[in-house]
Each structure stands twice: as structure tokens, then as C-alpha cells.
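Reading through the C-alpha cells given below for one structure.
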Amino acid sequence: MLEQLVLAVVNTLFDVAPIVAILLFFQLFVLRRPLPHLKRTLLGFGYVLVGLALFLAGLEKALFPLGRLMAKSLTDPAFIGTAAASWRDYGWVYAFAAAIGFATTVAEPALIAVSIKASEVSGGTITVWGLRTAVAIGVALGIALGSFRIVTGTPLHWYIVAGYVVVVVQTYFAPRTIIPLAYDSGGVTTSTVTVPLVAALGLGLASTVPGRSPLLDGFGLIAFASLFPIMSVMGYAQIGDWRARRAARRRQTRALQDQPF
Amino acid sequence: MPAEMRQLLHDLLRSLRDSLRDLAPIVLVVAFFQLAVVRAPLPDLGGMLAGAALVVAGLTLFVRGLEMGLFPIGETMAYGFARKGSVAWLLLFAFALGFGTTIAEPALIAIAEEAATVAAQDGAIAVTEGARANYAYGLRLTVALSVGAAVVLGVVRILKGWPLHGFIMAGYVLVVIMTEIAPPEIIGIAYDSGGVTTSTVTVPLVTALGVGLAQSIRGRNPLLDGFGLIAFASLTPMIFVMGYGMVIG
């Protein structure tokens with residue numbers, strides 16, 4: 001256990017080392033300024049390092065093995081039934097895909113970071129939980145649809161191109177301030193927690209469904225998980241906008257009714 | 001000092017509570033499917049609980065470190081570059097940040113190796129260890145270059161105040177066109193590579209850099225101009241990787 005933890009810290013250290021080197025080089029040799037609050041910043045980096053290492057070691061110990069096992073047993077012919085011929089027989093797979101997509105996205109540290117920043121910058125009109133829930137719903141829909149694609153064997157690019165069309169149309173109607181954030185949320189959803197579990201689901205599914213090759217059809221779920229949050233975040237802002245406008249209209253009509261004659 | 005310690009402890013306890021809440025959905029989903037759908041007992045319950053405790057502690061420390069270390073340093077450097085006024089150095093920094101954080105990304109290394117196996121099976125490259133390693137390394141280099149280029153382009157956009165959606169839509173059109181021409185076996189990998197490039201440490205840094213730049217340049221809105229760097233970083237790898245597939249294939 002302790003050995004695993006040390007290993008995790010060392011691994012994370014190697015991952016973070018190039019970033020720290022770049023930051024230090026530019027700060028010391030190009031900007032030529034000592035870092036303000038040096039002690040606090042270093043402590044913060046230490047927290048990030050140890051935190052990430054513990055996080056990954058814990059996931060590897062607690063969740064990934066079970067998640068992978070579950071993805072395998074849910075896609076196992078013994079569970080689905082050997083006569084599974086239609087996409088309808090995979091109901092539990094879609095449900096699991098959506099649930100695990102939602103749950104892993106909520107715990108994704110990179111998304112927490114972006115949500116904190118977005119709520120700070122927007123002065124609280126975008127809430128940390130609102131954004132995270134919107135992104136998680138997008139990932140849930142995306143992964144479920146992605147599993148459906150693997151089961152039916154339809155080409156990946158049809159879905160992606162159709163998704164692009166929806167994104168373009170939504171961009172035209174959504175409130176302007178949400179657009180960059182929505183595009184960004186596509187990229188942040190898929191990292192430490194989501195990718196390993198989702199990849200296991202894709203590979204398990206592609207090796208079970210007759211006629212699918214795990215190497216060719218197993219890819220593509222991550223693409224779904226990064227496209228759908230763009231739509232759900234814009235949708236979240238559109239709903240908020242629509243409700244605000246409806247409330248304003250109501251207040252206006254009430255104000256008109258209250259006017260004395 | 002004691003007051004500071006107390007504050008730290010208080011903050012840690014608060015983020016511990018948040019982390020517990022963040023983790024609850026995964027535990028619920030896994031427990032529900034294991035017990036009610038697969039109908040098997042939870043294997044190694046003690047190990048799971050220990051692991052979950054580690055995850056909660058790790059997430060707590062990470063979020064705390066984010067606010068103390070990663071966000072401030074990203075912003076400080078953004079202000080520093082804005083004050084220095086040297087666009088060349090800023091762009092070099094942007095490229096180094098994108099390239100340097102991607103080339104060593106473990107998720108990317110894993111995907112590149114799988115992609116090499118697919119390519120060898122399809123006969124796009126020779127079925128030797130050397131050819132596979134070369135292919136995987138070339139793919140990693142391609143993705144890292146594309147992320148470097150993406151951060152540079154994103155920073156130029158913030159400096160100029162150009163709207164983001166024009167770029168993204170042009171990128172989409174390019175992706176769709178290249179999907180038509182690129183060899184079919186590269187497409188799934190190309191689409192996925194967009195998602196894996198942005199790691200947990202890179203995202204907060206790059207976000208803080210973008211928002212910091214937008215805040216320090218007059219006339220820029222941090223919401224409209226500060227975000228969007230990650231979007232570039234997840235779009236360009238698709239284009240570059242399909243290009244790589246076309247060149248190799």
C-alpha cells in the first residue's frame with residue numbers, strides 16, 4: 001500500500017516536472033521576477049502533486065478494477081444473452097454508460113478547476129454546480145449514444161458531423177458569454193477519471209457485439225464525451241436565459257396590471 | 001501562525017466535505033449496478049473503502065493546491081507577460097506550455113501505442129517492434145505540436161480580441177473535409193486524441209493564463225475572451241492526427 005503511494009507520487013512528479021520546468025524557466029529568465037508569495041505557491045504545487053497522486057492511487061485501488069470488471073460483465077454474452085441480435089437487448093449497457101459518464105464527470109478535477117474559474121469570472125451568474133451538472137449530463141448522453149453506435153456499428157463520423165451541425169446552430173442562438181466556456185467544457189471532461197472507465201466500456205462492448213472489432217470500433221467514445229457537453233452547456237445557458245426573460249415578462253405584465261387607472 | 005493554521009484546517013475540512021459529495025455519485029452507480037444488475041457481491045470491500053478514502057483526500061488537496069498554486073501562478077505569469085509587452089516571448093511560452101505538457105501525457109502515450117497496433121494490423125506500417133514504436137512516437141509528436149500550435153493560436157486570438165466561434169467553425173469544416181480524405185482506420189483515434197490531450201494539471205494553468213491575459217488587456221472580457229484555449233487544444237489534434245495518417249498511409 002505504502003509502496004503504491006510512493007510510486008504514484010513519483011509518477012505524478014514525472015508528469016508534472018516538464019510543466020514546472022517551463023514555468024520556472026519563463027518566470028526566472030524571461031520575466032525575471034521573483035514569484036510573489038513564493039512559499040504559498042510552492043505549498044500549493046505540493047498539494048496538487050500529492051493530491052493528484054493520492055487521487056490516482058485511490059482510483060486505481062477502489063474504482064477502476066471494479067468499473068472495468070463491471071463494464072466487462074455488463075457486456076458479457078452470458079449477461080446479455082447469446083440470442084442478442086437487436087440493439088434493444090443492450091438496455092443495461094446504455095444505462096450504465098450514461099450513469100458512469102455522469103458520475104465520473106462530476107468527480108473530474110479539471111472540470112472542478114474550470115467551474116471555479118468560470119463562477120469567479122462571471123460574478124456568480126454561472127454557478128460551479130450548474131456548470132458541472134450541465135457538463136455531466138452532456139457526457140452521460142454522449143457515452144450512452146456512443147455505446148449505441150458501437151452496438152449498431154454505424155460510422156462514427158455521421159454522429160460527429162451531425163453533432164457539429166447542432167453545435168453551430170446552437171452557437172447562433174445561445175447567449176454570447178457562454179460560448180467560449182461551452183467549447184472549453186468539451187475538452188476538460190475527458191481526463192483522469194472518465195477516460196480509463198469509458199475506454200474499458202468501449203473495448204468490452206466492441207469485443208462482445210458480433211461483427212465489431214475492438215481495435216476499430218472501441219475508439220470513439222471519448223469523442224462523444226467531448227462533443228455532447230458543448231451542446232448541454234449551451235443548452236443550460238439557453239434555459240437560464242429563457243427563464244430570466246419569462247420572469248422579466250411576468251414582472252412587466254404584473255406591473256402593468258397593478259397600475260392604478 | 002495559529003490563526004493561519006486554523007484557517008487552513010477549516011478550509012481543508014470544507015473541501016473534504018465537497019470532495020465527499022463529488023465522489024458520492026460514482027460510489028452509488030458502481031454499487032447499484034454491482035448489487036442490483038450484475039447481482040454479484042462487492043469484491044474486496046475493505047480495499048475499496050481504503051481507495052475511496054485516498055481519492056477523497058487527494059481531491060481535497062488538489063482543489064486546495066489549485067487555489068494556492070496553479071491559478072495564481074498562471075495569472076501572475078499572464079500579468080507579467082502583459083506588462084513586459086513582448087509578444088514573441090509570450091507566444092514562445094504558449095507553445096512551450098502546450099507542447100511540453102502534452103508530449104509526456106500518459107493518456108496520450110497509451111492511445112498512441114494502441115493506434116500503432118491498429119496501424120500494424122491494417123498493414124499501414126510494417127509489423128515490427130521498431131516500426132510500431134516509430135509510429136507511436138510520431139503520433140505523440142504530432143499531437144504535442146498540434147497542442148502547442150493551438151495554445152499559440154488561442155493566445156493570438158485573445159490579444160486580437162477575435163471571436164472564438166469563427167475559428168471553431170472553420171476547424172469543424174476542416175475536420176469534416178479531412179474525415180472524407182483520411183484513411184478510415186485513423187479517424188477514431190484522431191477524434192479521441194482531441195479529448196485526451198488536456199490533462200488535469202494543464203487545464204487549470206491554461207485557463208488561468210487565458211483569463212489572466214484577458215483581464216490584463218484593456219477592452220477584453222474575461223468570459224468572452226479568456227476561455228477558449230482548451231477548445232483549441234482539443235480541436236487541432238484531430239486535424240493534425242488525420243494529416244499524420246494521410247502522410248504515413
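The values are calculated or read from the model by the stated rules, or taken from the named source; none is laboratory data. All values reported here derive from a predicted model rather than from experimental measurement. Backbone-built Cβ (ideal geometry, glycine too); neighbour counts: all protein chains shown. Keep in mind that these areas ignore ligands, DNA and RNA; they rest on the heavy atoms of the full protein, side chains included. Shrake-Rupley method; radii C 1.70, N 1.55, O 1.52, S 1.80 Å.
Assorted remarks:
- Most mobile listed residue (A:Ile230, A:Ile22, A:Ile150) in chain A, GNM with C-alpha springs under 10 Å: A:Ile22
- Once the 1.4 Å probe is applied to the protein heavy atoms, chain B comes out at 40 Å² accessible per residue.
- Residue-normalised accessible area of the stretch A:23-93, expressed per residue, 1.4 Å probe, Å²: 54
- Translational diffusion coefficient (Stokes-Einstein; Kirkwood radius from C-alpha pairs) of the stretch A:17-80 at 10 °C, 1.306 mPa s, in µm²/s: 104
- Remark: the stretch A:75-258 projects, on average over all directions, an area of 12.5 nm² (convex hull of Cα atoms).
- Cross-link partners of B:Lys160 among lysines (Cα-Cα below 18 Å; sequence separation of 8 or more within a chain): B:Lys84
- Within the full protein context, the accessible area of A:Lys72 is estimated at about 140 Å² for a probe radius of 1.4 Å.
- Taking the 1.4 Å solvent-accessible surface of the protein assembly as shown as the whole, the part contributed by carbon and sulfur is 67%.
- Based on alpha carbons, the Rg and Dmax found for the protein assembly as shown are 22.9, 90 Å.
- The A:Gln238 and A:Ala78 beta-carbon pair, evaluated with R₀ = 45 Å, returns a calculated FRET efficiency of approximately 0.55.
- Residue order by solvent-accessible surface for B:His165, A:His37, B:His10, A:His157 is A:His37, B:His10, B:His165, A:His157, largest first, with ligands and nucleic acids left out and a 1.4 Å probe.
- Within straight-line reach of A:Lys39, meaning a Cα separation under 16 Å, sit the following aspartates and glutamates at least 8 residues removed in sequence or on another chain: B:Glu4, B:Glu67.
- Most mobile of B:Gly46, B:Gly74, B:Gly154 in a GNM of chain B (Cα contacts under 10 Å): B:Gly46
- Accessible surface buried upon A-B contact (total; probe 1.4 Å; Å², nearest 100): 8300
- Convex hull of the stretch B:1-55 built on C-alpha atoms - directionally averaged projected area, nm²: 4.4
- For chain B, built as a Gaussian network whose Cα springs stay under 10 Å, the top-fluctuating residue of B:Ala170, B:Ala36, B:Ala53: B:Ala36
- Threshold 20 Å², the stretch A:43-63 residues less accessible with all protein chains present than alone (1.4 Å probe): A:Gly44, A:Phe45, A:Tyr47, A:Val48, A:Gly51, A:Leu52, A:Leu54, A:Phe55, A:Gly58, A:Lys61, A:Ala62, A:Leu63
- 10 Å Cβ shell holding at most 13 others, DSSP loop, trypsin sites (Lys or Arg not before Pro): longest site-free stretch of chain B: B:40-217
- Per principal axis, descending, Cα span of chain B in whole Å: 61, 59, 32
- The distance linking the stretch A:1-61 with the stretch B:202-226 is 23 Å (Cα centroid to Cα centroid, whole angstrom).
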